[in-house]
1. Can you tell me the accessible area per residue over the chain, all protein chains present, probe 1.4 angstrom, in square angstrom?
2. From the backbone phi of region 67-72, what are the Karplus-calculated ³J(HN,Hα) couplings (6.51 cos²θ - 1.76 cosθ + 1.60, θ = phi - 60°) in whole Hz, Gly and Pro given as x?
3. Whole-Hz Karplus ³J(HN,Hα) for region 50-61, in order, using 6.51 cos²θ - 1.76 cosθ + 1.60 and θ = phi - 60°, x for Gly and Pro?
4. For every other residue with a beta carbon closer than 12 angstrom to the beta carbon of residue 20, add +1 if it is Lys or Arg and -1 if Asp or Glu, then tell me the sum.
5. I need to check one value: relative contact order of the chain, counting alpha carbon pairs closer than 8 Å and at least 6 residues apart, in percent.
6. Let a ≥ b ≥ c be the square roots of the eigenvalues of the Cα gyration tensor of the chain; is it rounded (a/c under 1.5), or, if not, prolate (a/b larger than b/c) or oblate?
7. Which whole-number percent is the relative contact order of region 1-90 (Cα, under 8 Å, 6+ apart)?
8. Give me the percent of the accessible area of the chain that comes from carbon and sulfur atoms, probe 1.4 Å, all protein chains in place.
Amino acid sequence: MPTTTRNSAALQGTYYLPRRWSTMAVLTTEQNDELNLELRLTGAGMLGRALIQSNSMELGLAGGLAVARERFSPAAVNMASENNTSFEAVLAGQWDAFRFDSPKLDFSTSFSLYPSLSTAGRVRGESTTRLKYELFPDFNVGVTITDTFDSKPPEEDATKNDFVSTFTIGWSYRR
C-alpha cells in the first residue's frame, strides 16, 4: 500500500462583539496526496454567532467569503494552468459538549463548507468529530474522525473524500 501524506495548518483571529456575535479572519494551508492537492492557501473573513453558551455546551455558526489558491499535482491537472484561484462562500459550524467533573468528557464536532462562486457546482469542505473521555483521574482516551472532500476534483475519476481517524491515549500532570 502506498504511503500518502496530509498536512494542514490554520491561523484564526477572532474579535468578539456584543450579544454573542464575532468576526473571524482565517488563514489555512493544506497539502493532501489522497486528493492530488500539492498546495492550497485559503484566506477567509466571517461573521459568527454563538447560538448556545452554557457551562456544558457551546454551539456556533459562521458565514462569510474566502479566496483560495490551489495547485494540484501535474498528473491530475486537466486545466490550462496548474494554479487556480477561486472565490468561495464559507459556512462553518461547531458544537462542543464537555463535563469538567470526573470522569471528564470532551466532545466536539465541526464542519466547514466552501461552495465555489467561481466554479459552478463545486463544494469542498471538512468535517471533524472528536471524543475524549477520562478513564480514571488524569488518564484519558480519545478518537478523532476527519473527512475532507471536494465535489469536483481536477480528475473526473479521482477520489472525492479523504478519511482520517486517530486514536489517542493521554495523561495530564498537575502540580
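The values are calculated or read from the model by the stated rules, or taken from the named source; none is laboratory data. Everything quoted here is computed from the prediction, not taken from an experiment. Note that each Cβ is placed from the backbone with ideal geometry, even for glycine, and that neighbours are counted across all protein chains shown. Please note that ligands, DNA and RNA were not included when accessible areas were found on the heavy atoms of the full protein model with its side chains. Shrake-Rupley method; radii C 1.70, N 1.55, O 1.52, S 1.80 Å.
1. Per-residue accessible area for the chain comes out at 64 Å².
2. These are the phi-based 3J(HN,Hα) values: 10, 10, 10, 10, 9, 9 Hz.
3. My calculation for region 50-61 gives 7, 6, 9, 9, 9, 6, 10, 7, 9, 9, x, 10 Hz in order.
4. Around residue 20, the surrounding residues sum to +1.
5. Normalised by residue count, the contact order of the chain is 13 percent.
6. oblate
7. 22 percent.
8. 59 percent
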